[in-house]
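Have a look at the structure below, then the notes.
Read-outs throughout are calculated quantities, based only on the coordinates presented, and are distinct from any laboratory measurement. Because the structure is predicted, anything quoted here is derived from the model rather than measured. Neighbour counts run over all protein chains shown; Cβ positions are idealised from the backbone, glycine included.
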Amino acid sequence: MRTRLIAGNWKMHKTAAEAVTFVHEFRKVLSPSTSIDIVLAPPFVSLFAVQQAMTQEDRFAIAAQNLYWETEGAYTGEVSGSMLQDLGCTYVIVGHSERRHLFGEKNDEVNKKVKAALAHGLIPILCVGETLEEREAGNTQAVVKDQLLKGLSEVGVENIPTIIIAYEPVWAIGTGRAASVEQAEEVHAFLRATLSTEFGEISQDVRILYGGSVSPQNAEALFSCKEIDGALIGKACLDPVVFAKICGLADLAST
Ligand code: PEP
């Protein structure tokens, strides 16, 4: 049985002070008995503040939104896996579509980031997803397979169950137009079948999240699907009450 995971990607939102306020408010509204894994991914500059605001009782962990694959050196503006580990990060988002499409990140760079994350004890949340053009051209499976297998290239099979995959159709991100349960289910099943062919039975342990306009309105239906192990959430994670509601729905679906 895979534990459901809900991750909130804050993107470039919230100052350090606002991040701390979020933690205090989220703690108040999140069920203390939640059985799912919950992850907050603030911007780099708020990670320290969030980590400092967290207590042992908190039922959530922190993620970075990106990393660089070298450990240290003359790489102006970059942040390494060892720095993130030192800050208390448990997870790191890798290959988000905004990194791929706005900042030109390629599959080989995504792969270096996945390997660097693992080398520093961080759990990569590897994002894959097709654009609308790619879907309409019938290329969804080819695109996500390429992103998945290139992203996981040379990653030891023993690391596979640790890695989290997020299927995020680019056309659903920030558009208010989520994939239907059937569309998501189809791609999730394809991703798991691809993992199974490549890595064997161990792939059954990999959590595959859905991302793209998840909200309290559509979360219940998405979480009722056995292929969907949780969600990576953008807009709806910025409000602690809304994010806690989605976490609650994921928790409910797990019981
Ligand atoms: C995202 O950016 O990962 C995302 C899923 O955003 P939104 O929930 O706003 O579509």
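Annotations
- Cβ-placed point charges (K, R +1; D, E -1), dipole of the chain about Cα centre in debye, nearest 20: 440 debye
- Using a simple spin-label model with pseudo-atoms 7 Å out from Cα toward Cβ, THR71 and GLU182 lie 5.2 nm apart.
- Given LYS11/LYS113; LYS150/LYS226; LYS28/LYS235; LYS11/LYS106; LYS150/LYS245; LYS145/LYS226, the pairs whose alpha carbons are separated by over 29 Å: LYS150/LYS245
- For the chain, averaging the sequence separation of C-alpha pairs within contact (under 8 Å, six or more residues apart) and dividing by the residue count gives a relative contact order of 23 percent.
- Multiplying the residue separation of GLN217 and VAL157 by 0.36 nm and removing their Cα-Cα distance gives an extension gain of 17.9 nm.
- Dipole of the stretch 134-255 [Lys/Arg +1, Asp/Glu -1 at C-beta], most positive-end residue of SER203, VAL242, PRO161: VAL242
- Virtual paramagnetic centre 7 Å along Cα→Cβ of HIS13, amide N under 11 Å, in the stretch 164-190: 174
- DSSP-loop trypsin sites (Lys or Arg not before Pro) across the stretch 209-250, with at most 15 other Cβ within 10 angstrom: LYS226
- P(r) weight above 33 Å for the chain, C-alpha pairs, percent: 12 percent
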